[in-house]
Amino acid sequence: MNPRRENEILSRIIEISADTSRISERLARAGTCLCRHELAPVVAFYLVSRRQLLLLRVAAGPEGTLKFPGTISYRLPAPDDPLLAPTSTLIPQAFTPDSCPPGDRFRLEHPYGWSFPLHDEEQTYGIMVLAGKIPLPDDSERIRFIQVIARLLTLSLRCATHRERDRILVQQLKFLHQVGVWLNSGGRLDEVFSRLPSAAPLFFANSIARLNIFTPGNGLRVIEHGRLDPEQRAMIEAVSRGPDRHSLTTLKVIDRHSNMAAEPAYETFFKRFLAHIIAPLPGPQGGLGNLEFFLVDNDFSREIMPIEDEELELLEILALHIAATVEREQARRQLESATRAAARRNRQLTLLHRIKNSLMAANSTEKIIRLTLGALVSPEGFGSLAALYLETGKKPSEAQVFYARTPPGGRPLEKLTGDDDELNNHLLAASLDPPESLRKRLTGLVLPPLETTPPRFQQALAKGRPAILPTSIITAIDSRFPEFLPQTRVIVIPLSGQEKSSGLLLAAADHFNDEDLNYITLFTDAAALALDNTRLYLSLRSSLDNLNQAQLRLNQSEKLVALGEMAASIAHEIKNPLVSIGGFARRLHKKIPDDTREKNYSRIITKEIERLEGIVNNVLALSRPETDNFTPTDLNQLARETRDLFTRELKNGNIEFKLQLAPDLEPVECDGNQIKQVLVNLVNNSIQALSEIPDEAPKFIRLRTASYCEIESRRRYALIEVEDNGGGIPEKVIHDIFNPFFTTKHSGTGLGLPICYRIMLNHGGDIHFHNRVGTGVRMVATLPVKHVKHTIKQP
């Protein structure tokens with residue numbers, strides 16, 4: 001080859017090497033140039049890949065790039081193959097058909113040639129192969145000239161490799177910068193993690209990624225990206241949840257050649273995956289979690305294996321970024337949790353202060369207990385799932401049981417207005433009457449004698465303070481407790497007053513801590529004090545009511561005694577002459593002709609005498625001694641007879657008579673005639689009251705019977721109510737209606753209600769009324785079912 005041609009070839013190769021096009025295009029052009037200058041029929045370039053495999057990357061002929069058939073890859077080093085030997089010997093090597101493997105179709109078609117190393121002082125990049133169907137010239141000058149060309153192309157490969165490494169490095173830096181921006185922008189960790197594959201280089205985008213964050217209580221928060229079929233998920237679950245996940249401190253790559261590949265968890269893993277990469281998330285006080293990648297087995301993944309150190313370093317840096325973000329996120333969550341807890345405590349203190357005021361203002365034991373239960377279960381109170389109140393020291397049939405659950409819906413407590421009534425209604429709603437099925441299961445739920453309960457339960461009650469116990473302790477007392485308090489822990493709160501223990505509060509307590517216990521103690525102490533105050537108030541009020549009732553009875557009795565004495569005198573002075581006058585007047589009336597003025601006069605005289613006789617009889621009724629004719633009497637039958645007595649008056653007055661009789665009303669020991677007189681007087685008063693309203697207005701009288709049991713004495717009482725929708729009793733006379741001779745009617749004697757009062761008093765009962773001025777009045781008479789002589793009882 002003459003020097004001019006050599007210079008022409010070298011100039012062209014230098015020009016191609018200095019080009020900025022892709023390295024594969026430059027190698028193809030260089031190969032075509034050599035073929036056109038008849039240095040070889042075909043020029044091919046085998047380049048070293050990441051896995052130290054030699055792959056045919058470019059083949060060219062005189063007409064340009066060849067579409068070479070599929071070839072095999074060669075693992076280096078391979079000193080026995082003349083084609084591959086230059087990668088280790090770094091000197092040109094001739095090859096013949098004898099060294100061609102049967103699977104490489106390219107070499108089979110071009111069995112003769114020379115192989116030149118492409119290397120420099122840093123690394124070997126591959127080989128340049130000049131091949132043909134017949135042996136090529138092998139003179140030394142030609143070989144040296146081709147070596148010069150190989151060195152020029154090596155420089156081009158070196159620049160391209162450095163440029164590619166720089167590109168990858170820039171890509172990695174951009175990736176880390178972008179991750180840093182995402183993480184530091186306050187974005188959610190799961191959102192940032194989902195973006196990584198689209199921005200990350202190489203294996204990130206071809207892997208199933210999983211971020212495992214350790215949580216308190218040996219828990220695990222998992223953020224996952226990538227699609228898995230059920231088989232793949234089972235595989236990664238088997239290898240991901242290893243017992244050493246908390247102790248991992250260095251990055252680990254597990255592939256088919258690792259020692260861990262023989263472990264049972266990886267037995268099927270490598271059927272679908274090439275590698276399992278684990279990077280720990282270090283924290284100041286131990287691991288925060290780990291970052292896992294499961295490299296899917298496909299052509300791309302096989303190409304990039306094994307993963308280069310630079311990419312593993314990138315993964316470690318990424319893990320440090322994520323660890324710092326996890327640590328910040330945990331710190332932020334702890335701060336937010338502490339802030340929420342402080343705000344919640346502040347709301348609790350404010351609300352509990354209001355609830356305490358409501359407790360102190362409550363006027364019944366039941367309301368205090370229900371308010372307390374409502375505070376225990378309300379979300380902004382103490383947030384218990386359910387709470388239960390049991391009355392102590394009572395028989396199962398007598399003990400009260402109250403149950404409360406978290407109110408469904410409604411406004412949170414902190415959004416309620418300052419109206420205490422609204423707050424009370426919110427709390428009371430939690431302990432409304434339970435469903436019938438639940439009420440039946442609550443029936444008979446009572447604490448047994450203390451000495452029969454578990455020792456730990458006795459110790460908790462002995463301290464008189466709230467205590468948290470396992471549910472198994474109260475389950476041993478009654479197996480039904482877990483049904484109403486379905487948690488593993490229960491808080492036991494004795495409500496002890498100054499005199500004695502009134503009851504026991506039980507509440508589900510899985511989320512309660514020592515601080516909650518202190519607040520609950522303060523709150524229930526206030527509830528116990530409110531119960532004491534209420535009992536004292538009710539006791540004082542009962543004493544005052546009894547005193548007032550006794551005073552009223554005394555005053556009424558004095559009036560009736562005075563009236564009785566006067567009535568006895570009238571009986572001697574008026575009744576006997578009045579009887580004679582009445583008798584003679586009736587005789588004269590019968591003998592006078594009908595169509596005369598005298599007949600009309602005698603009728604008036606007779607009627608007035610009858611009215612005077614009625615007055616005298618009523619006065620005498622007040623002075624009669626107490627009856628002792630107490631026999632079992634059917635009050636329902638007396639009510640029916642009373643209705644029948646007024647049939648004509650009801651019809652004439654267009655009055656609807658509503659009879660509501662208790663079907664299970666037992667016979668009452670009483671004087672039936674006197675009780676019927678009470679009914680007649682009350683119904684008659686209602687008819688007279690209804691006669692004063694317009695005829696077109698609807699009118700009704702309701703007569704109702706019922707029975708009830710007085711809580712304190714456990715005595716049963718019968719009740720008779722007569723109600724009308726007349727005008728009611730004027731407020732200014734309401735205190736005088738039981739006084740003898742007081743009346744607001746032109747024709748009344750003022751003795752009807754005093755006689756009723758006297759009869760009920762003699763029976764050990766009472767009569768009172770509920771007045772609604774302008775809309776009617778309801779008279780209520782009560783008397784004991786079993787009569788006790790000389791007993792006066794106010795239910």
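The values are calculated or read from the model by the stated rules, or taken from the named source; none is laboratory data. In this text, all values refer to a predicted model and were calculated from it rather than measured experimentally. Note that we place each Cβ from the backbone using ideal geometry, even for glycine, and neighbour counts take in every protein chain shown. Please note that ligands, DNA and RNA were not included when accessible areas were found on the heavy atoms of the full protein model with its side chains. Shrake-Rupley method; radii C 1.70, N 1.55, O 1.52, S 1.80 Å.
In the full protein context, the chain carries 53 Å² of accessible surface per residue, based on a 1.4 Å probe and ignoring ligands, DNA and RNA. This model, with +1 at the C-beta of Lys and Arg and -1 at the C-beta of Asp and Glu, gives the chain a dipole about its Cα centre of some 2140 debye.
The listed residues His162, His110 rank as His162, His110 when sorted by accessible area, largest first, using a 1.4 Å probe. Checking [x] 2, 9, 11, 11, 11, 9, 6, 6, 7, 7, 5, 4, 5, 3, 2, 1, 1, 0, 0; [y] 2, 12, 18, 20, 17, 13, 9, 5, 2, 0, 0; [z] 3, 13, 22, 24, 19, 11, 5, 1, 0, 0 against the coordinates, the calculated P(r) over Cα pairs in 10 Å bins from 0, in percent falls under label [x]. Of Met235, Met260, Met360, the residue with the largest accessible area leads and the full order is Met360, Met260, Met235 (1.4 Å probe). Surface composition of the chain: carbon and sulfur atoms hold 53% of the protein heavy-atom accessible area at a 1.4 Å probe.
Could you give the angle, 0 to 90 degrees to the nearest 10, between helix 576-591's Cα long axis and the longest principal axis of the Cα atoms of the chain? Result, in degrees: 80. Using only Cα atoms, tell me the angle between helix 597-623 and the longest principal axis of the chain; keep it within 0 to 90° and round to the nearest 10. Result, in degrees: 60. Please give every one of the aspartates and glutamates within straight-line cross-link reach of Lys591, meaning a C-alpha to C-alpha distance under 15 Å, and leave out same-chain neighbours fewer than 8 residues apart. Here the aspartates and glutamates satisfying the reach criterion relative to Lys591 do not exist. When the Cα positions of Leu371, Gly287, Ala343 are compared along the charge dipole of the stretch 261-387, Leu371 comes out farthest toward the positive end, with charges on each C-beta of Lys, Arg, Asp and Glu. In this structure, the residue pairs whose Cα-Cα separation is over 20 Å, taken from Lys676/Lys745; Lys67/Lys133; Lys651/Lys699, are Lys676/Lys745.
Against the chain, whose longest principal axis comes from its Cα atoms, helix 189-199 is set at around 30 degrees.
The separation of the stretch 305-339 from the stretch 216-282, counted between C-alpha centres, amounts to 18 Å. Here r is the Cβ-Cβ distance between Ser140 and Gln178 and R0 is 51 Å; the resulting FRET efficiency, rounded to 0.05, is 0.35. Please go through the residue pairs Lys607/Lys658; Lys367/Lys440; Lys174/Lys271 and name each one whose alpha carbons sit more than 25 Å apart in this structure. Distance filter (> 25 Å) returns Lys607/Lys658; Lys174/Lys271.
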